[in-house]
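Peer 1: First the structure, which I've put down as structure tokens, then a few questions once you've had a look.
The values are calculated or read from the model by the stated rules, or taken from the named source; none is laboratory data. Remember, it's a predicted structure, so these values are computed and weren't measured experimentally. So basically every Cβ, Gly included, is an ideal-geometry build from the backbone, and we count neighbours across all protein chains shown. Surface accessibility is based on the protein's heavy atoms, side chains included, excluding ligands, DNA and RNA. Shrake-Rupley method; radii C 1.70, N 1.55, O 1.52, S 1.80 Å.
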Amino acid sequence: MKKEAKVEYGITITKPWSTEMYDHNDALAEVVKAKVLEMWIEAYAAEKAEFDGDEELGNDFGDMQWDIASSEMDRIQKAITYYSFSNQTISEVAEEVESELENMPTYQLIELVEELGIKLDKGFIGFNN
């Protein structure tokens, strides 16, 4: 007796993967990247606004050392890059974070969704089959 094909989100799970499975995961990957980038931009902007309000600091926010970054910026950065920074500027770390996110493979995006607690309407398919 042949095993019945599994269907997720209206897509039949096949081995090897179908174009439909790849298309679904590629589209979802772009959604995840956009959500994470939005989280990053919001955390960056919030910290920059606080920094800009402190006249004693007097430097450009991006030129400051990473160690002044907010805990939210640090949380997102570590979830994306998996490591800590020291002796880099905020601009250097921001560039690395955005580059890593843009080029992140799907299996890491799945981990990122879990790590950052991102809610999605649909999930990635084909990874637990």
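Peer 1: Restricted to region 1-24, and to residues that are in contact (Cβ under 8 Å) with a residue 60 or more places away in the chain and either open to solvent by less than 90 Å² (accessible area, probe 1.4 Å) or at positive phi (or both), which residue is nearest to the chain's Cα centre (by Cα)?
Peer 2: H24
Peer 1: Quick check on my filter: what residues within region 25-40 are open to solvent by less than 70 Å² (accessible area, probe 1.4 Å) and more than 17 Å from G117 (Cβ to Cβ)?
Peer 2: Keep residues of region 25-40 that are open to solvent by less than 70 Å² (accessible area, probe 1.4 Å), which gives 25, 27-29, 31-34, 36-37, 39-40.
Hits for region 25-40 are N25, A27, A29.
Peer 1: I'm checking my understanding of the structure. Among residues of region 103-129 that are touching a residue at least 60 places away in the same chain (Cβ under 8 Å) and more than 10 Å from the chain's Cα centre (by Cα), which one is nearest to I80 (Cα to Cα)?
Peer 2: Applying the first criterion (touching a residue at least 60 places away in the same chain (Cβ under 8 Å)) to region 103-129 yields 104, 106, 109, 112-113, 116, 118, 120, 122-126, 129.
Of the ones still in play, those that are also more than 10 Å from the chain's Cα centre (by Cα) are 106, 120, 122-126, 129.
Numbers: T106: 12, L120: 18, K122: 21, G123: 19, F124: 18, I125: 21, G126: 22, N129: 25 Å.
So, considering only residues that are touching a residue at least 60 places away in the same chain (Cβ under 8 Å) and more than 10 Å from the chain's Cα centre (by Cα), the one nearest to I80 (Cα to Cα) is T106.
Peer 1: Output the residues belonging to region 64-83 that are open to solvent by less than 80 Å² (accessible area, probe 1.4 Å), part of a loop (DSSP other than H, G, I, E, B) and either out of contact with any Ser or Thr (no Cβ under 8 Å at 6 or more places or on another chain) or under 14 Å from A46 (Cα atoms) (or both).
Peer 2: Step one: list which residues in region 64-83 are open to solvent by less than 80 Å² (accessible area, probe 1.4 Å), which gives 64-66, 68-70, 72-74, 76-77, 79-81.
Of the ones still in play, those that are also part of a loop (DSSP other than H, G, I, E, B) are 64, 69-70.
Listed by number, the residues that qualify are A69, S70.
Peer 1: Hey, can you tell me all the residues within region 84-97 that are open to solvent by 70 Å² or more (accessible area, probe 1.4 Å) and in a helix (DSSP H, G or I)? So that I can check it myself, show each step before the final result.
Peer 2: In the first step, residues of region 84-97 are kept if they are open to solvent by 70 Å² or more (accessible area, probe 1.4 Å); the result is 84, 86-87, 92, 95.
Of everything in region 84-97, those that are open to solvent by 70 Å² or more (accessible area, probe 1.4 Å) and in a helix (DSSP H, G or I) turn out to be E92, E95.
Peer 1: Okay, next question. So, F61, is that one surrounded by 13 or more Cβ atoms within 10 Å (Cβ to Cβ) and in contact with a Lys or Arg (Cβ under 6 Å, 6 or more places away or on another chain) or not?
Peer 2: Values: surrounded by 13 or more Cβ atoms within 10 Å (Cβ to Cβ): yes; in contact with a Lys or Arg (Cβ under 6 Å, 6 or more places away or on another chain): yes.
So F61 passes the test.
Peer 1: Among the acidic types (D, E), surrounded by fewer than 17 Cβ atoms within 10 Å (Cβ to Cβ) and out of contact with any Asp or Glu (no Cβ under 9 Å at 6 or more places or on another chain): does that describe E100? Don't jump to the end; show me each part of the working.
Peer 2: Numbers: among the acidic types (D, E): yes; surrounded by fewer than 17 Cβ atoms within 10 Å (Cβ to Cβ): yes; out of contact with any Asp or Glu (no Cβ under 9 Å at 6 or more places or on another chain): yes.
Spelling it out, E100 is indeed among the acidic types (D, E), surrounded by fewer than 17 Cβ atoms within 10 Å (Cβ to Cβ) and out of contact with any Asp or Glu (no Cβ under 9 Å at 6 or more places or on another chain).
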